[in-house]
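This report refers to the structure that appears directly beneath it.
The values are calculated or read from the model by the stated rules, or taken from the named source; none is laboratory data. What you see is a predicted model; the values in this text were computed from it and never measured. Using ideal geometry, Cβ is built from the backbone for each residue, glycine included, and neighbour counts are taken over all protein chains shown.
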Ligand code: UDP
């Protein structure tokens, strides 16, 4: 029996893939998820991939007594904390709900960890902390810019809270700054489940290819980039998931009981929106209907990760290509359409 790891938000997109990566690496994941933005069908998908049930608490993470009892009952050794609201637009409409949920649950979680003497925490952060960088790629030393959204601010403040707690208390924590996770498990048993019209590019592309949306709108082609469309660092969600296992291993083995560090998780490569469309067309074998629309407010022009530090210290690197990620996203969409 491997170490038991609590995965808050473990039924979500990145959380569920991380549950797979943990189990495959010999850990025993336990899920805590209130299913406010995830589906119970994820548990069925996990069972088919892993051949066993993963223990799951369908409860809110902001519950001190519950956390302490889960920690004790399962003898939890570490926590990967995904549970959070994540819609940028909604965060601007409902700032208090975002601050209360995203920061409240983090504080409650760390309180319960300290009370039970659990010292390893992996936190989901975001490359939004870099804002519109002057010069990509961004390293972890690139200055953090004022957040452009309430959601982004919850990630920045979350990082600061964890850093301060680690300095004062015996807590080892790592913030992982995600770039753009895409794709799905290659089995197509789990993947992204956006509610309503997707905000993100790849689910919008796959839904358009499946005929659920008429056409993709590319948000602007007059940016100062080679083809005029925005550039992002797209990373296969299984590569991202595996990085959490590496980060956990790193924290657990670290001698400094006050360890706090941040790592970029991206592919290290920038691709434009048009490049993504072209690559997707090659994967699916059909042209994708699209048109150019106006810029989307708040969009960063170009950002991609320098992943040297993650590779050097965590011993992690991506293993899957952009094409594989798009093929897996497409397979998942086709499975959803057929089910
Ligand atoms: N994008 C687009 N059309 C869409 C959705 C996204 O052109 O329907 C572009 C968006 O402007 C950005 C890129 O795709 O340049 C990635 O957007 P996404 O929302 O997936 O990620 P984020 O903006 O958070 O990096």
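Only one entry in 106, 121, 114 is assigned to a helix (DSSP H, G or I) and surrounded by 23 or more Cβ atoms within 10 Å (Cβ to Cβ), namely 106.
Looking across 232, 213, one residue alone is touching a residue at least 12 places away in the same chain (Cβ under 8 Å) and farther than 30 Å from residue 314 by Cβ. It is 213. The residues on offer are 158, 196, 183, and the sole one that is on the phi > 0 side of the Ramachandran plot and touching a residue at least 12 places away in the same chain (Cβ under 8 Å) is 183.
In the condition set (1) within 14 Å of the ligand (Cβ to nearest atom); (2) surrounded by fewer than 22 Cβ atoms within 10 Å (Cβ to Cβ); (3) under 23 Å from residue 14 (Cβ atoms), residue 177 is compliant with all but (2). Could you tell me which residue of segment 282-300 is nearest to the ligand (Cβ to nearest atom), considering only residues that are modelled with pLDDT under 95 and out of contact with any strand residue (DSSP E or B) (no Cβ under 7 Å at 6 or more places or on another chain)? Across segment 282-300, the extreme among qualifying residues is 300. Residues that are within 16 Å of the ligand (Cβ to nearest atom), closer than 28 Å to residue 123 by Cα and touching a helix residue (DSSP H, G or I) at 6+ places or on another chain (Cβ under 9 Å) number at least 2 in the following strands (runs of 3 or more DSSP E) confined to segment 181-277: 234-236, 260-265. Being farther than 20 Å from residue 188 by Cβ, in contact (Cβ under 8 Å) with a residue 40 or more places away in the chain and surrounded by fewer than 23 Cβ atoms within 10 Å (Cβ to Cβ) is the filter here; which residues of segment 264-286 pass it? Scanning segment 264-286 gives 268, 269, 270, 271, 272, 274, 275, 277.
Residues being within 16 Å of the ligand (Cβ to nearest atom) and at pLDDT 95 or above are represented in segment 116-124 by at least one member.
Of everything in segment 299-339, what is assigned to a helix (DSSP H, G or I), more than 19 Å from the chain's Cα centre (by Cα) and without any contact (Cβ under 8 Å) to a residue 24 or more places away in the chain? Give them in sequence order. Selection gives 312, 338. I'd like the residue in segment 46-74 that is touching a helix residue (DSSP H, G or I) at 6+ places or on another chain (Cβ under 7 Å) and in a helix (DSSP H, G or I) and, out of all such residues, is farthest from residue 24 (Cα to Cα). Checking each candidate, the answer is 64.
Of all the listed residues (6, 22), the sole one being buried (at least 21 other Cβ atoms within 10 Å of the Cβ), touching a residue at least 40 places away in the same chain (Cβ under 8 Å), assigned to a helix (DSSP H, G or I) and in contact with a strand residue (DSSP E or B) (Cβ under 6 Å, 6 or more places away or on another chain) is 22.
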